[in-house]
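The values are calculated or read from the model by the stated rules, or taken from the named source; none is laboratory data. On a predicted model such as this, the values are computed, not experimentally measured, just so you know. Glycine gets a Cβ as well: all are built from the backbone with ideal geometry, and neighbour counts include every protein chain shown.
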Amino acid sequence: MVVDFYKKLLTVLKDESRLVLMIVIANEGSSPGRKGFKMLVTKNQMYGTIGGGIMEHKMVELAESLLDKPKFEPFVKHQVHDKSAPKDQSGMICSGQQTIAFYDINTDFIPTVAQIILEDNCWISYSNLDISVNEETIETPEWLFKEKNVLTQKVYIIGGGHVGLALSEVLSKLDFELHLLDHRENLNTMQANDFVQSKQVIDFETIENHIPEGDDIYVVIMSFGYRTDDVIIRRLFDKNFKYIGMLGSVTKIETLFKNLEVDGFAKEKIAKVHAPIGLNIKSETTQEIAISIAAQLIQIRNQNR
């Protein structure tokens, strides 16, 4: 997560005064490092990743060597993960490629880090000119990558039970902003859920008022039973989401969908609901179900990247 990384960077920078920041600004194909991956390197420690393997090892060595020299200007290293490539071979064979930007960071950068950490919904620009926050430059950079400091992919988990708790824990380690909704007061698994950004007890008859529409919204329905699932899906059916899925047995899903169709709900829209939810990995335990759902969300999120 962007803010978490910069919180760590701030701590390290205050301790060591200088570090090298590496950030993946572009990637293609089966690259282990994707846009936005970051890593910091000092003489004494490192944090984050730009993709791992021999490629990362070589880039860390380069970063360490730069710390033995005077201040350097931002530059990029292109890495091709193919041993037959005529140049820029990374030493890896996964066939993709990535571009890594290098920045010389000292204590002068602390105000910018503070801005990234404290300012809501800001844009961070990485270019050959500098790293800046919410700034437009008249000069055209040779290369540029921009990212926001907030999690734009939001998951609304409807159901605070055991699977909801397990899914929240898994997704909290990924780049999703998590919101938990249930209609039951004093639910112990919901009270124990410290992995989400927000949790609410609501009336499912008004659930459409609690979930915004958008191409960055993922809806996971795993309420207490058939009746509540039916209420929820009918309330959310015509909303625009990136993803909507429902937990349940094949028999339950078939019955629910058949009733929707009988009541006039469009068959082509019913087919867009991922149900039974998750990738088919023959999940049996609560944790396995959570992993299968998380994997499906990642698949949907990454399919157009």
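Applying the selection to the stretch 87-107, what residues are of a type outside the set (D, E, K, R) and modelled with pLDDT of 85 or more?
Result: Gly96, Gln97, Gln98, Thr99, Ile100, Ala101, Phe102, Tyr103, Ile105, Asn106, Thr107.
Go through the residues of the stretch 227-248 one by one and say whether even a single one is farther than 22 Å from Arg184 by Cβ, among the acidic types (Asp, Glu) and either part of a helix (DSSP H, G or I) or not assigned by TED's automatic domain parsing to the domain that holds Gly161 (or both).
No, that holds for no residue.
Taking the stretch 270-284, which residues are of a type in the set (Lys, Arg) and over 23 Å from the mean Cα position of the chain (by Cα)?
Lys282
For the subset of the stretch 128-174 comprising residues that are of a type in the set (Phe, Trp, Tyr) and under 22 Å from the mean Cα position of the chain (by Cα), which member is surrounded by the fewest Cβ atoms within 10 Å (Cβ to Cβ)?
Going through the qualifying residues, I end up with Phe145.
Which one of the conditions (1) touching a helix residue (DSSP H, G or I) at 6+ places or on another chain (Cβ under 6 Å); (2) in a helix (DSSP H, G or I) does Gln115 fail to meet, given that it meets all the rest?
Every listed condition holds for Gln115 apart from (1).
Among the residues of the stretch 257-305 satisfying the criterion of being assigned to a loop (DSSP other than H, G, I, E, B) and either aromatic (Phe, Trp, Tyr) or closer than 16 Å to Asp175 by Cβ (or both), which is modelled with the highest pLDDT?
Checked the stretch 257-305; the qualifying residue modelled with the highest pLDDT is Phe265.
Quick check, is Ile110 at pLDDT 95 or above and over 25 Å from Phe195 (Cβ atoms)?
So Ile110 passes the test.
If you take the residues of the stretch 86-102 that are in contact (Cβ under 8 Å) with a residue 40 or more places away in the chain and part of a strand (DSSP E or B), which of them is surrounded by the most Cβ atoms within 10 Å (Cβ to Cβ)?
If we take residues in the stretch 86-102 being in contact (Cβ under 8 Å) with a residue 40 or more places away in the chain and part of a strand (DSSP E or B), then Ile100 is surrounded by the most Cβ atoms within 10 Å (Cβ to Cβ).
Residues in the stretch 64-84: is at least one surrounded by 13 or more Cβ atoms within 10 Å (Cβ to Cβ), among the polar types (S, T, N, Q) and more than 15 Å from Val24 (Cα to Cα)?
No, the stretch 64-84 has no match at all.
Out of curiosity, is Gly248 out of contact with any helix residue (DSSP H, G or I) (no Cβ under 7 Å at 6 or more places or on another chain) and of a type in the set (Gly, Ala, Ser)?
Criteria not met by Gly248.
Within the stretch 5-42, how many residues are at negative phi, in a loop (DSSP other than H, G, I, E, B) and out of contact with any helix residue (DSSP H, G or I) (no Cβ under 7 Å at 6 or more places or on another chain)?
6
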